[in-house]
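Asker: Sharing a structure below in structure tokens format, with a few things to ask.
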Amino acid sequence: MTVNDIVKSLPLTVVAGGDGLGAEVTGGYVSDLLSNVMGHAAAGNIWVTMQGHQNIVAVASLAGLAAVIVAGGAVPERETVAKAESEGIVLLTTALPSFAVVGLLYQSGVKGQ
Amino acid sequence: MNSEQGIALEYELKGGDFEIAGEASSKIKRVLQQIGVRSDVIRRIAISSYEAEMNVIIHAWSGVLKARVFPDRTEIIVEDQGPGIADIDLAMQEGYSTAPDHIREMGFGAGMGLPNMVRCSDEFAINSVAGQGTRINIVIRHS
Ligand SMILES: Nc1ncnc2c1ncn2[C@@H]1O[C@H](COP(=O)(O)OP(=O)(O)O)[C@@H](O)[C@H]1O
Ligand SMILES: [Mg+2]
């Protein structure tokens, strides 16, 4: 499954990094603690968070994640969007709360790992 | 190439500067990608370098992050001027953090940075003098 498959079937808006939509998604991870993501998300995971500041881009890039979903209607800062664009990180937003997004991801076949 | 001829990278770090936080580690990652280091190895180097870099930004006043990339391994050395760590055993415990609330709100301060460095590295050493600063040495082998 690619990031694009997920974007097409869930209520997600692509706000940056559209060039990376073809990336394979290996699983999912949800956390608002950055070091927790660094320590436990696997390469190629899609990450659900409510953090919208620019440090999420470095985390996603260095941990080799497939995409970041900023959930709960949180609005990524302008610097976050710009950085995601320049680093080639797929940044998605949704009005759904984290719990609901993770439920839908699970239903569509993205497992935690 | 002589096995001790490496690529030397060096970056200045400034405490409290969250805007460029992570850039030094991102630059190291790009160099490793260019020379074709295995991606799972790059990931371990990037994660440990990022955690060490962030600790200077979060907890110290200033510092320098050095990477030495050899054919068989990468060494990360991070030295800072800062408050140092009085009780290293306590600081190494997962979940222990002295990060203030405004930094925790950004998602830092999970108390997992030092444990993540240990988990990602083949060799890890920490030296600290309370009131002066901290030095971290990390070695990650490429195979
Ligand atoms: N470079 C440093 N200078 C001063 N204190 C540090 C440094 N690195 C770590 N510490 C201390 O060790 C604690 C644990 O560090 P870490 O595991 O990275 O968790 P966190 O950064 O999330 O607090 C920090 O909260 C801090 O008290
Ligand atoms: Mg830390």
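Asker: Does B:Lys14 satisfy being without any contact (Cβ under 8 Å) to a residue 60 or more places away in the chain, away from chain A (no Cβ under 14 Å) and within 20 Å of A:Val59 (Cβ to Cβ)?
Answerer: Yes: the conditions hold for B:Lys14.
Asker: Counting just the residues of segment B:61-82 that are surrounded by fewer than 18 Cβ atoms within 10 Å (Cβ to Cβ) and of a type outside the set (D, E, K, R), which one comes out farthest from ligand 2 (Cβ to nearest atom)?
Answerer: B:Pro71
Here is a yes/no grid of residues against (1) farther than 25 Å from B:Asp101 by Cβ; (2) assigned to a helix (DSSP H, G or I):
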{"position": "A:Ser35", "(1), (2)": "no, yes"}
{"position": "A:Ile46", "(1), (2)": "yes, no"}
{"position": "A:Gln51", "(1), (2)": "no, no"}
{"position": "A:Ile56", "(1), (2)": "no, yes"}
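Asker: I'd like to verify a number: residues in segment A:96-111 that are free of Cβ contacts under 8 Å to residues at least 40 places away in the same chain and either surrounded by 13 or more Cβ atoms within 10 Å (Cβ to Cβ) or in a loop (DSSP other than H, G, I, E, B) (or both), how many?
Answerer: The total comes to 2.
Asker: Something else now. Filter segment B:40-53 for residues that are among the aliphatic types (A, V, I, L, M), within 16 Å of ligand 2 (Cβ to nearest atom) and more than 8 Å from chain A (Cβ to nearest Cβ) and give the result.
Answerer: Within segment B:40-53, B:Ala52 is the sole residue that qualifies.
Asker: Still on this structure, please answer the following. Which condition number does B:Phe124 fail, the rest of (1) assigned to a loop (DSSP other than H, G, I, E, B); (2) more than 13 Å from ligand 2 (Cβ to nearest atom); (3) surrounded by 12 or more Cβ atoms within 10 Å (Cβ to Cβ); (4) of a type outside the set (Lys, Arg) being met?
Answerer: That leaves (1) as the condition not met.
Asker: Collect the residues in segment A:58-80 that are part of a loop (DSSP other than H, G, I, E, B) and either under 12 Å from A:Val101 (Cβ atoms) or in contact (Cβ under 8 Å) with a residue 40 or more places away in the chain (or both), keeping them in residue-number order.
Answerer: A:Ala66, A:Ala71, A:Gly72, A:Gly73, A:Ala74, A:Pro76
Asker: Any chance segment B:136-143 includes a residue that's more than 11 Å from the chain's Cα centre (by Cα), away from chain A (no Cβ under 14 Å), more than 9 Å from ligand 1 (Cβ to nearest atom) and under 24 Å from B:Asp17 (Cβ atoms)?
Answerer: No, segment B:136-143 contains no residue that is more than 11 Å from the chain's Cα centre (by Cα), away from chain A (no Cβ under 14 Å), more than 9 Å from ligand 1 (Cβ to nearest atom) and under 24 Å from B:Asp17 (Cβ atoms).
Asker: Output the residues belonging to segment B:98-116 that are more than 9 Å from chain A (Cβ to nearest Cβ) and near ligand 2 (Cβ under 9 Å from one of its atoms).
Answerer: Once the filter is applied, which keeps residues that are more than 9 Å from chain A (Cβ to nearest Cβ) and near ligand 2 (Cβ under 9 Å from one of its atoms), segment B:98-116 yields B:Ala99, B:Leu114.
Asker: Taking the stated definitions as given, is A:Ala60 within 12 Å of chain B (Cβ to nearest Cβ), in contact with a strand residue (DSSP E or B) (Cβ under 7 Å, 6 or more places away or on another chain) and surrounded by 20 or more Cβ atoms within 10 Å (Cβ to Cβ)?
Answerer: yes
Asker: Does B:Val37 satisfy being away from ligand 1 (no atom under 11 Å from the Cβ), within 14 Å of another protein chain (Cβ to nearest Cβ) and in contact (Cβ under 8 Å) with a residue 12 or more places away in the chain?
Answerer: The answer is yes for B:Val37.
Asker: When both residues are 6+ apart or on different chains and their Cβ atoms are under 7 Å apart, which pairs have a first residue that lies in segment B:49-70 and is closer than 21 Å to B:Val37 by Cα, and a second that is within 10 Å of ligand 2 (Cβ to nearest atom) and charged (D, E, K, R)?
Answerer: Filtered contacts from segment B:49-70: B:Leu65/B:Glu53.
Asker: Look through A:Gly88, A:Gly39 and report the one residue that is at positive phi, touching a helix residue (DSSP H, G or I) at 6+ places or on another chain (Cβ under 6 Å) and within 14 Å of chain B (Cβ to nearest Cβ).
Answerer: Numbers: A:Gly39 fails: at positive phi.
Just one listed residue meets the conditions, A:Gly88.
Asker: Could you pull out the residue among B:Leu114, B:Leu90, B:Leu9 that is surrounded by 15 or more Cβ atoms within 10 Å (Cβ to Cβ) and over 20 Å from A:Asp32 (Cα atoms)?
Answerer: B:Leu9
Asker: Do you know which residues across segment B:107-121 are in a helix (DSSP H, G or I) and near ligand 1 (Cβ under 10 Å from one of its atoms)? Before you say what the answer is, go through the steps one by one.
Answerer: From segment B:107-121, those in a helix (DSSP H, G or I) are B:113-120; that's our starting set.
Passing the criteria: B:Gly113, B:Leu114, B:Pro115, B:Asn116, B:Met117, B:Val118.
Read-outs: derived from the displayed coordinates by stated rules, not from any lab. Everything numeric here is computed off the predicted structure, so don't read it as measured data. Using ideal geometry, Cβ is built from the backbone for each residue, glycine included, and neighbour counts are taken over all protein chains shown.
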